[in-house]
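The structure appears below as structure tokens.
The values are calculated or read from the model by the stated rules, or taken from the named source; none is laboratory data. For clarity, every value in this text was computed on a predicted model and none was experimentally measured. Every residue, glycine among them, receives a Cβ derived from its backbone with ideal geometry; neighbour counts consider all protein chains shown. Protein only, heavy atoms only, side chains kept; ligands, DNA and RNA dropped before computing areas. Shrake-Rupley method; radii C 1.70, N 1.55, O 1.52, S 1.80 Å.
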Amino acid sequence: MIPKEPAKITDKKFRFDSFTNGKAFEGNKKGRLPAMGWNSWNAFGSGNTEALTKVMADKIVELGLDKLGYKYLVLDDGCYKSEREDGKLANEPVKFPGGFKALSDYVHARGLKFGMYNDIGTNLCAGAAVGTCGFEDADAQSYVDWGVDFLKIDNCYYLWDNATFSNPENARYVFAPNIKGIEVRSAGEQGKFKKTFKATEGKLVGRGAFVKNDYVTGIGTFDGTNTGTTPVGDMSGELMFELEVPAEGEYELVVTYATGRVNGCGEWLQVAVGEEVCFDNLLAPTNSSEEFVESNVIKVMLRSGLNKIRLMNHRRQENTLCSYAAMLAGLNKAKPGHEVLLSLCEWGKTQPQNWGYKVGDSWRILNDITFRVGRDGDAGFGAWTDPGTPSVTSQYNKAVVMDEFAGLDKGWNDPDMLMVGMNGMTTQMSQTHFTMWCMMNSPLMLGLDLRRVQKGDELYNIIANKELIALNQDALGLQAKRIFTTAKTVCGGGQMSRPDKDYITDCDRVDVLAKPLSDGSLALSFLNLSQERKCGEFTVELELIKKYLGEKLPDDFYEAKSFEMTNLWSGEKNDVSFDKLSDVVFAVRELDACGNATFKVVAK
């Protein structure tokens with residue numbers, strides 16, 4: 001049954017303060033390299049069919065893509081009946097007449113793995129009222145029965161956030177009310193302690209909350225669905241008061257607040273003393289977001305001496321984590337020891353880089369890379385440079401500074417499916433796009449109609465480049481780090497300080513990415529994000545590489561005076577020698593528009 005309120009959190013493992021403990025939930029296996037395969041959405045949208053799916057499975061095998069690692073074939077939205085049958089998911093009878101188990105068997109018979117799609121909301125993004133919300137156990141059993149190996153789970157029509165197609169007033173759940181002040185006093189009739197604070201006397205912790213007039217607003221978590229907000233650093237804000245009390249015991253807290261149902265001002269308040277949450281619920285709504293009232297008494301346990309009282313709302317992240325965790329728990333129940341891979345598709349809305357590793361193998365970092373779906377390969381104008389989310393560079397600009405969140409012990413940042421081969425993408429764009437995803441350890445999910453590909457043709461030579469795929473699938477599992485950029489300013493203004501951390505949206509630049517490999521060598525990629533040819537001398541010194549990669553490369557790499565450099569697109573090899581270590585410089589003198597020069601560098 002569809003729940004009427006967010007899950008009550010009784011286990012600390014779901015709490016914001018546990019996000020950094022590095023502990024994945026039961027059933028979420030680690031150590032897997034980024035997934036590779038094909039997804040139906042970009043090429044066919046909701047128009048995918050059983051017949052088309054079988055053709056794509058056959059094409060993967062015919063082209064030998066399975067032998068290169070493309071194993072997962074994933075049905076996206078549009079495959080289910082629009083309503084449940086006896087509470088269970090069912091195949092759309094016209095498009096998928098044979099049913100999902102038979103289709104799964106067809107895919108498995110070709111040595112591939114079978115993937116499906118659903119949503120943590122009440123409906124799928126295309127509208128079918130068959131989201132997993134409230135049906136996690138039943139759906140998990142269906143997926144196990146059908147032999148599903150991969151689940152992409154979306155975030156539309158979500159009840160506890162103002163997600164796509166959800167009620168905008170759901171912001172009530174994910175932001176705290178505006179706070180004007182608090183009062184803390186002794187509980188009961190005994191004792192005479194009382195302390196009153198104005199909100200402006202508290203300390204703003206994290207990022208996002210701010211003082212407006214004489215109150216604090218914006219207590220909650222940034223919406224990361226679109227571009228413009230860095231994924232590095234604090235993603236949420238709190239209001240904290242430091243309070244000394246004379247004796248340990250129970251005290252009464254009263255909050256002066258005003259509610260709203262808009263971004264920045266909601267109705268849900270969390271109160272914690274240190275890391276102990278003592279209140280986590282909606283407050284009674286007020287007449288307006290600037291008409292303040294006093295809350296009912298909130299009981300808090302304080303210790304003698306200094307206490308930190310936190311007013312906060314981390315429910316945007318906690319709710320979403322709980323919803324995905326319910327699906328994982330359903331799979332654990334249906335098949336203990338299952339190997340189902342969970343691909344979290346909540347578009348970066350709740351900053352899943354903070355918590356996604358607990359329940360998923362990968363997590364989307366932005367909205368869809370293209371909104372022109374089901375057009376047989378039409379990515380549309382702006383596929384490379386659209387300043388919003390539907391472009392290669394927008395996805396790259398965010399993912400490239402997220403290396404700290406990825407790894408074999410965590411999972412993978414997912415800047416969405418590949419647009420290689422889609423109209424609007426030149427050959428050079430497709431090559432560089434593929435290079436970016438391989439260097440960043442992003443899942444490699446093809447999105448084009450594979451009937452457009454022939455073995456040995458231009459598209460095939462991009463998606464089948466064994467040397468680039470080897471970077472993505474390298475056993476070390478390290479996402480490349482940006483160690484140099486020609487950009488002069490960071491997003492929001494200011495001087496460049498950390499090329500590996502600064503979120504940059506101006507694409508008139510050249511970046512250099514460095515990726516340590518398991519054999520002790522280095523992948524080095526010079527990327528031109530501009531649509532103009534870049535000439536000059538783009539250089540990185542060995543000392544710069546050592547500064548950012550340190551012990552991730554062996555000592556003998558840094559001590560070498562001779563290197564073999566192999567261009568991974570042309571296959572050309574060159575030996576480079578130096579008289580002394582201080583002279584070791586790797587350079588590229590020109591880059592085509594949207595082009596790249598990517599090398600494997602081996603110390604000799």
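Numbers for the structure displayed
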quantity	calculated
Counted residues, the stretch 16-38 - those being surrounded by fewer than 19 Cβ atoms within 10 Å (Cβ to Cβ) and not small (Gly, Ala, Ser)	10
Candidates Gly424, Gly456 - the one that is at pLDDT below 95 and either open to solvent by 10 Å² or more (accessible area, probe 1.4 Å) or more than 29 Å from Asp154 (Cα to Cα) (or both)	Gly424
Exclusive hit being open to solvent by 30 Å² or more (accessible area, probe 1.4 Å) and small (Gly, Ala, Ser), set Gly181, Gly188, Gly202	Gly188
Filtered residues of the stretch 309-339 (kept if open to solvent by 10 Å² or more (accessible area, probe 1.4 Å) and in contact with a strand residue (DSSP E or B) (Cβ under 6 Å, 6 or more places away or on another chain))	Arg310
Residue count, the stretch 564-585 (criterion: part of a strand (DSSP E or B) and at pLDDT 95 or above)	5
Any chance Asn226 is over 30 Å from Pro352 (Cβ atoms) and open to solvent by 70 Å² or more (accessible area, probe 1.4 Å)	no
Pick from the stretch 257-268, criterion open to solvent by 40 Å² or more (accessible area, probe 1.4 Å) and part of a loop (DSSP other than H, G, I, E, B), ranking: nearest to Lys299 (Cα to Cα)	Arg261
Positions within the stretch 90-112 being surrounded by fewer than 22 Cβ atoms within 10 Å (Cβ to Cβ) and either under 25 Å from Leu344 (Cβ atoms) or among the basic types (Lys, Arg) (or both), in sequence order	Ala90, Asn91, Glu92, Lys95, Lys101, His108, Arg110
Trp355, sole failed condition from (1) modelled with pLDDT under 95; (2) open to solvent by less than 10 Å² (accessible area, probe 1.4 Å); (3) of a type in the set (Phe, Trp, Tyr)	(1)
Among the residues listed as Gly111, Gly115, the single one being farther than 26 Å from Asp280 by Cα and over 22 Å from the mean Cα position of the chain (by Cα)	Gly111
Residue among Thr370, Thr350 that is over 30 Å from Pro516 (Cβ atoms), at pLDDT below 95, buried (at least 24 other Cβ atoms within 10 Å of the Cβ) and not aliphatic (A, V, I, L, M)	Thr370
Only one of Lys71, Lys13, Lys4 that is open to solvent by 50 Å² or more (accessible area, probe 1.4 Å) and closer than 30 Å to Leu471 by Cα	Lys71
Flag if Asn281 is open to solvent by 10 Å² or more (accessible area, probe 1.4 Å), out of contact with any helix residue (DSSP H, G or I) (no Cβ under 8 Å at 6 or more places or on another chain) and not in a loop (DSSP other than H, G, I, E, B)	yes
Residue in the stretch 21-38 that is at pLDDT 95 or above, more than 30 Å from Gln473 (Cβ to Cβ) and in a helix (DSSP H, G or I) present	no
Any hit, the stretch 75-94, residues being more than 29 Å from Asn170 (Cβ to Cβ) and of a type in the set (Ser, Thr, Tyr)	no
Strands (runs of 3 or more DSSP E) within the stretch 398-492 that include 2 or more residues β-branched (Val, Ile, Thr) and touching a Lys or Arg at 6+ places or on another chain (Cβ under 9 Å)	481-485
Residue in the stretch 382-391 that is closer than 25 Å to Asp66 by Cβ, among the polar types (S, T, N, Q), open to solvent by 20 Å² or more (accessible area, probe 1.4 Å) and over 20 Å from the mean Cα position of the chain (by Cα) present	no
Any hit, the stretch 551-566, residues being more than 23 Å from Trp437 (Cα to Cα), under 28 Å from the mean Cα position of the chain (by Cα) and either open to solvent by 30 Å² or more (accessible area, probe 1.4 Å) or free of Cβ contacts under 8 Å to residues at least 60 places away in the same chain (or both)	yes
Options Glu294, Glu238: the member that is modelled with pLDDT of 95 or more, of a type outside the set (Phe, Trp, Tyr) and open to solvent by 60 Å² or more (accessible area, probe 1.4 Å)	Glu294
Contacts under 6 angstrom Cβ, first residue in the stretch 11-35 being under 17 Å from Leu151 (Cα atoms), partner open to solvent by 60 Å² or more (accessible area, probe 1.4 Å), 6 or more apart	Lys30/Asp409
Filter pass, Glu85 being touching a Pro at 6+ places or on another chain (Cβ under 9 Å) and either charged (D, E, K, R) or within 26 Å of Ala138 (Cβ to Cβ) (or both)	no
Selection within the stretch 39-60 - assigned to a helix (DSSP H, G or I), open to solvent by less than 10 Å² (accessible area, probe 1.4 Å) and either over 30 Å from Gly380 (Cβ atoms) or touching a helix residue (DSSP H, G or I) at 6+ places or on another chain (Cβ under 9 Å) (or both)	Ala43, Thr53, Met56, Ala57, Ile60
Filter result (crowded, with 24+ Cβ neighbours inside 10 Å and not aliphatic (A, V, I, L, M)) within the stretch 114-125	Phe114, Gly115, Tyr117, Asn118, Asp119, Gly121
Check on Phe175, surrounded by 23 or more Cβ atoms within 10 Å (Cβ to Cβ), among the aromatic types (Phe, Trp, Tyr) and within 30 Å of Val255 (Cβ to Cβ)	yes
